[in-house]
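Beneath this line is the structure, given in structure tokens, with notes to follow.
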Protein chains: 2
Amino acid sequence: MATPLRKTPSKSDRKREVILAAALELFSRSGVDGASLDRVAERADVSKTNLIYYYPSKDALYAAVLNNVLSLWLVPLEAIDRANSPQEAIATYIRQKITFSRDHADASRLFCFEILYGAPVLGGRLRDRLQPVMDEKAAVFAHWIASGQMAAVDPYQFLYSLWATTQHFADFASQIEALSRRTLDDPAFFEESVAHVTALFLARIRP
Amino acid sequence: MATPLRKTPSKSDRKREVILAAALELFSRSGVDGASLDRVAERADVSKTNLIYYYPSKDALYAAVLNNVLSLWLVPLEAIDRANSPQEAIATYIRQKITFSRDHADASRLFCFEILYGAPVLGGRLRDRLQPVMDEKAAVFAHWIASGQMAAVDPYQFLYSLWATTQHFADFASQIEALSRRTLDDPAFFEESVAHVTALFLARIRP
DNA sequence: GTCTATATCCCGATAGAC
DNA sequence: GTCTATCGGGATATAGAC
């Protein structure tokens, strides 16, 4: 029984999760360098030495958190499927991504931090994991365009703009709050935002 | 002659500029906490004590850099003027903002860092300096909409999307480079990006 | 696995001579 | 204005007992 395949998470698995959650919370507010392991341990309610027992270094902890985040980040892309119409697919994608910006603002911010740093940890993963998905989605767009279902756009540029506008609600939340005094937690502002972004992209692809 | 109003910058003015430039460069790559005054001083070719003579604390230096950045950031907004047609104004704004993302990527990234941190330093300035300009521009949009020159959009949401898509080229440059292997320094990619973003927003406001 | 104690290093900032 | 020397604090990480 070298590597037991249990369905119920072990005690140490649960502890790792608690630590990861605490790390995400703090790293996403102050950046990696702005947050100390002391505070992460405190937040996770473990001793610092114990934390280091589970994650041998700060870099290792940071990398673990980031990999979790990347996985979450990829989920909404599944909506972009040739089985759907482009209008449905894009509307669904936008709603899911803005929902993600509301419910996982910390993950979005941490991702943004990492990219600002120049993607030192995630750089390779972007090519290994994101690039293939992106090429796949670009092919779906090409299919929709070729079959006259949507206007011709550069799929890469189109995806960049989709990411930018939807993540903006998480990454620039404090600016939006300073200027509009509104949050995605306000259901009216949430729906308003979804409607606005959806209208922006659907107008563009009208055949 | 208490405060001489000279046009030629004094030696100390020039030194302050060199320090600010070095601080911008380092803060925008690693965040404030990730960069040390030691390295800023080294980059600016002054001793650390001398740096501290000009800027008494790291926070003061950071605040000074940020205020510079905010001023730069506001410039392109001047294009949004009721004297122009909305199409001209928006196209001009987009080109200027993407040019800014190319030529001042470090300033854009530092701004992004500050917002991610929750705008601890710039928070007040956003209300004092950006909010009035934004309200003014919202009025211009309202005028264009009322006179049938553009389709009805929420001006605030519209500006957020404009900022998001254009700044994305600076803030997420390392992601774009990992996926597209292209940079705004490539004139073809630059023009392609301007054309894409412009088409996106002009399609939306078609009356 | 978890703890206490501690090594080691770097950072921001100050003191005081010149 | 600029320098050398240094303080004091906090950070990551390790050693070793239990």
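Observations, loosely collected:
- Any hit, segment A:23-35, residues being more than 14 Å from every other protein chain (Cβ to nearest Cβ), over 19 Å from the mean Cα position of the chain (by Cα) and within 12 Å of DNA strand C (Cβ to nearest atom): no
- Every test in (1) over 16 Å from the mean Cα position of the chain (by Cα); (2) exposed (fewer than 14 other Cβ atoms within 10 Å of the Cβ); (3) within 14 Å of another protein chain (Cβ to nearest Cβ) is passed by B:Leu74 save one, and that test is (1).
- The residues of segment A:178-207 that are among the basic types (Lys, Arg) and assigned to a helix (DSSP H, G or I) amount to a single one, A:Arg204.
- Residues in segment A:135-150 that are surrounded by fewer than 19 Cβ atoms within 10 Å (Cβ to Cβ) and part of a helix (DSSP H, G or I): A:Asp135, A:Glu136, A:Ala138, A:Ala139, A:Val140, A:Ala142, A:His143, A:Ile145, A:Ala146.
- When restricted to residues that are closer than 15 Å to B:Ala203 by Cα and either surrounded by fewer than 16 Cβ atoms within 10 Å (Cβ to Cβ) or more than 9 Å from chain B (Cβ to nearest Cβ) (or both), segment A:151-201 contains 3.
- Filter pass, A:Pro132 being within 16 Å of DNA strand D (Cβ to nearest atom) and not β-branched (Val, Ile, Thr): no
- Test result for A:Ile145, within 7 Å of chain B (Cβ to nearest Cβ), of a type in the set (Val, Ile, Thr) and more than 15 Å from B:Leu200 (Cα to Cα): no
- Taking segment A:1-61 and the helices (runs of 4 or more DSSP H) fully enclosed by it, the elements with 3 or more residues that are at pLDDT below 95 are at A:11-34.
- A single entry from B:Asp106, B:Asp38, B:Asp59, B:Asp81 fulfils the requirement of being more than 16 Å from DNA strand D (Cβ to nearest atom), over 19 Å from A:Phe172 (Cβ atoms) and either surrounded by 19 or more Cβ atoms within 10 Å (Cβ to Cβ) or acidic (Asp, Glu) (or both): B:Asp81.
- With respect to the stated conditions, A:Glu114 is assigned to a helix (DSSP H, G or I), touching a residue at least 40 places away in the same chain (Cβ under 8 Å), facing another protein chain (nearest Cβ under 10 Å) and among the charged types (D, E, K, R).
- Residues of segment A:62-85 satisfying the condition of being in contact (Cβ under 8 Å) with a residue 24 or more places away in the chain and not in a helix (DSSP H, G or I): A:Ile80, A:Asp81, A:Arg82, A:Ser85
- Taking residues in segment B:31-49 that are touching a residue at least 60 places away in the same chain (Cβ under 8 Å), and partners anywhere that are more than 11 Å from DNA strand C (Cβ to nearest atom) and outside any helix (DSSP H, G or I), the pairs with Cβ atoms closer than 9 Å and at least 6 places apart or on different chains are B:Gly31/A:Tyr117; B:Gly31/B:Tyr117; B:Val32/B:Tyr117.
- Complete set of residues in segment B:151-177 that are outside any helix (DSSP H, G or I) and more than 26 Å from B:Asn67 (Cβ to Cβ): B:Ala151, B:Ala152, B:Val153, B:Asp154
- Restricting segment B:40-50 to residues that are more than 9 Å from DNA strand C (Cβ to nearest atom) and of a type in the set (A, V, I, L, M, F, W, C), the residue that is farthest from the other protein chains (Cβ to nearest Cβ) is B:Val46.
- Considering the conditions (1) outside any loop (DSSP other than H, G, I, E, B); (2) over 18 Å from the mean Cα position of the chain (by Cα), B:Ile98 is excluded by exactly one of them, (2).
- Checked against the criterion of being more than 14 Å from chain A (Cβ to nearest Cβ) and touching a helix residue (DSSP H, G or I) at 6+ places or on another chain (Cβ under 7 Å), the candidates B:Arg109, B:Arg125, B:Arg102 yield just one match: B:Arg102.
- Listed conditions (1) over 21 Å from B:Glu192 (Cα atoms); (2) within 12 Å of chain B (Cβ to nearest Cβ) are all met by A:Lys137, apart from (1).
The values are calculated or read from the model by the stated rules, or taken from the named source; none is laboratory data. As the structure is a prediction and not an experimental result, all values here were calculated from the model. Heads up, the Cβs are rebuilt from the backbone with ideal geometry, glycines too, and the neighbour counts pull from every protein chain shown.
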